[in-house]
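Below is one structure, written out as structure tokens; comments come after it.
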Amino acid sequence: MNQLSHIATEHDGRVLQALLRQDLGAFAERCFHEVASGKNYHHNWHLEALAYHLTMVAEGRCKRLVITLPPRSLKSLYASIAFPAWVLGHDSHRRIICASYGRALATAHANSCRSIIRTSWYRDLFPLMRIDPRKDTEDEVRTTREGFRLTATVGGALTGRGGSIIIIDDAMKADDARSDLLRASVNNWFDETLLSRLDDKRSDAIILVMQRLHVDDLVGHVLKAGGWTHLNLSAIAADDMRVPLGGGLFHDRAAGDLLHPEREPRYVLDELRTAMGSAAFSAQYLQEPVPAGGNLVQWEWFRTWKRLPEREDYQTKIVQSWDTASKATELNDYSVGITALIHKDAIYILDVVRARLEYPALKKRVVAEKERWKADIVLIEDKGSGQSLIQDLRFEHIYAREIKPEADKVVRMSYCTAPIESGAVLLPQSAPWLDAFRTELLTFPNGLHDDQVDALSQLINWTRRKSTYTLDYIS
């Protein structure tokens with residue numbers, strides 16, 4: 001039984017109102033039933049820890065707070081929706097800025113907070129808190145006492161605006177965290193833009209709440225500087241720890257304890273680890289991002305095949321993935337073609353061609369390999385010599401699918417770690433190209449060449465985006 005239903009059955013409405021005014025956790029639970037109607041609220045000790053630490057900020061006892069916890073743990077409900085409404089209810093002079101990585105996400109949080117403030121029960125709780133009808137939008141809710149909740153996006157301009165509490169809820173998308181450039185952009189925005197937006201640098205507060213994504217994400221960046229209170233709530237406790245809940249109470253976690261077993265028991269976490277890959281799971285669920293430095297892929301992750309599925313199976317296709325070099329000089333990369341049999345949810349690597357070829361010889365080799373393996377699909381990266389190759393092949397009525405690279409090489413390969421680790425990519429037990437293939441994969445991104453890595457990531461990412469391995473997607 002959650003604490004609100006318990007109170008409601010044993011006490012009158014005035015006691016309940018007093019609880020909602022005084023206890024942020026109870027208030028957040030009431031907000032949940034408002035904005036997530038029809039869903040079940042599962043109370044847990046980590047929510048009490050969230051409420052306690054946020055309350056310390058509201059009371060001026062904590063000026064720099066980092067909260068790290070797994071996805072779907074009600075962090076946004078507490079930090080971006082309930083907390084601003086509760087703070088403004090107590091003091092409608094407060095100036096709160098709430099920032100998230102994307103406009104849609106930031107707007108959704110803003111609208112949920114506005115919906116809370118408009119309810120009759122909220123107005124009964126906080127009769128002195130009133131919205132100025134001249135400024136009641138998704139971008140800003142202003143009070144009649146010149147306080148506000150301002151919506152912002154991470155990386156956006158805040159010219160002329162300042163706040164007494166700044167909340168950053170999800171500083172960046174998980175995929176973007178793989179990019180050195182995008183991480184640096186977020187960290188620089190924090191240093192050069194956000195810190196200057198505090199009204200009073202001596203007493204105002206910043207709250208950063210997110211899942212860990214990278215050792216150099218915004219949490220890693222601010223913790224290096226020091227001076228932050230860190231509430232670290234991993235899905236599985238790495239060590240024994242004592243978490244303060246307020247009022248002199250603590251929750252004692254033993255190493256191995258799950259954060260919220262009612263919602264995410266051990267088998268669910270194991271399934272998530274398999275689906276995401278151990279690196280992503282370690283960051284987002286264990287709050288322990290793996291340091292960069294090569295070895296994105298472990299060789300033992302690859303399974304080997306002895307027999308191949310029958311080609312007659314309607315779920316089976318031969319796909320070739322080409323990464324082509326611009327020039328066939330000694331200093332340039334190789335052109336690489338990987339041939340794979342794709343069957344249901346598995347990718348069987350059949351052959352790897354790796355050679356330095358001038359354009360005419362490259363074109364002949366691509367055509368020859370297609371005929372040799374009777375390939376159904378040919379993937380070619382749409383850049384450099386690949387652009388001319390795609391056009392020339394189509395002129396000769398050989399259809400090739402152009403692949404436009406998304407993000408950088410490291411990011412593209414990092415997308416592939418989960419399917420490789422889960423055993424979805426199989427290699428032959430022996431082949432003359434295996435040693436060079438292994439060396440390049442295990443030294444990436446610090447090795448001399450990355451052409452085989454590019455061809456492999458292109459193959460895996462094209463395949464996994466199709467979501468189902470049927471003829472519909474490779475027709």
Which residues, taken from region 366-391, are open to solvent by 60 Å² or more (accessible area, probe 1.4 Å) and without any contact (Cβ under 8 Å) to a residue 24 or more places away in the chain? 371, 372, 383, 387, 391
Please verify whether region 265-279 includes one or more residues that are farther than 30 Å from residue 453 by Cα, β-branched (Val, Ile, Thr), open to solvent by 20 Å² or more (accessible area, probe 1.4 Å) and in contact with a Cys (Cβ under 9 Å, 6 or more places away or on another chain). no
Residues (open to solvent by less than 30 Å² (accessible area, probe 1.4 Å) and at pLDDT below 95) located in region 347-365: 355, 362
Taking the criterion of being closer than 23 Å to residue 315 by Cβ and either acidic (Asp, Glu) or out of contact with any His (no Cβ under 8 Å at 6 or more places or on another chain) (or both), would at least one residue in region 380-398 satisfy it? no
Checking residue 431 against (1) assigned to a helix (DSSP H, G or I); (2) open to solvent by 10 Å² or more (accessible area, probe 1.4 Å); (3) aliphatic (A, V, I, L, M), which test does it fail? (1)
The number of residues in region 234-260 that are within 27 Å of the chain's Cα centre (by Cα) and surrounded by 12 or more Cβ atoms within 10 Å (Cβ to Cβ) is 12
Residue 177 open to solvent by less than 20 Å² (accessible area, probe 1.4 Å) and within 30 Å of residue 131 (Cβ to Cβ): no
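At least 1 residues that are at pLDDT below 95 and closer than 19 Å to residue 168 by Cβ in each: list the helices (runs of 4 or more DSSP H) lying fully within region 27-144 that qualify.
Output list reads 103-117.
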Which pairs have Cβ atoms under 6 Å, sit 6 or more apart or on different chains, and link a residue in region 39-63 that is among the hydroxyl-bearing types (Ser, Thr, Tyr) to one that is assigned to a loop (DSSP other than H, G, I, E, B)? 41/2
Long-range neighbours under 7 Å by Cβ, at least six apart or interchain, first residue under 25 Å from residue 402 (Cα atoms) within region 304-319, second modelled with pLDDT of 90 or more and part of a loop (DSSP other than H, G, I, E, B): 317/376; 318/374; 318/375; 318/376; 319/375; 319/376
Residue 344 vs. criteria within 33 Å of the chain's Cα centre (by Cα), more than 24 Å from residue 309 (Cβ to Cβ) and open to solvent by 60 Å² or more (accessible area, probe 1.4 Å): no
Restricting region 112-132 to residues that are of a type in the set (A, V, I, L, M) and within 19 Å of residue 22 (Cα to Cα), the one most open to solvent (accessible area, probe 1.4 Å) turns out to be 128
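Tell me, please, whether a residue that is crowded, with 19+ Cβ neighbours inside 10 Å and assigned to a loop (DSSP other than H, G, I, E, B) can be found in region 392-404. I'd like the intermediate steps shown before the answer.
To start, the set of residues in region 392-404 that are crowded, with 19+ Cβ neighbours inside 10 Å comprises 400, 403.
With the extra rule that they be assigned to a loop (DSSP other than H, G, I, E, B), the set shrinks to 400.
Within region 392-404, one or more residues are crowded, with 19+ Cβ neighbours inside 10 Å and assigned to a loop (DSSP other than H, G, I, E, B).
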Quick one: in region 157-174, of everything that is out of contact with any strand residue (DSSP E or B) (no Cβ under 6 Å at 6 or more places or on another chain) and closer than 24 Å to residue 71 by Cα, which residue is surrounded by the most Cβ atoms within 10 Å (Cβ to Cβ)? 172
Does region 188-226 hold any residues that are open to solvent by 20 Å² or more (accessible area, probe 1.4 Å) and under 24 Å from residue 285 (Cα atoms), and which are they? 211, 212, 213, 214, 215, 216, 221, 223, 224, 225, 226
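The values are calculated or read from the model by the stated rules, or taken from the named source; none is laboratory data. As the structure is a computational prediction, the values presented were derived from the model and not from experiment. Every residue, glycine as well, gets a Cβ built from its backbone with ideal geometry; the counts of neighbours run over all protein chains shown. All accessible areas refer to the heavy atoms of the entire protein, side chains included, with ligands and DNA or RNA removed. Shrake-Rupley method; radii C 1.70, N 1.55, O 1.52, S 1.80 Å.
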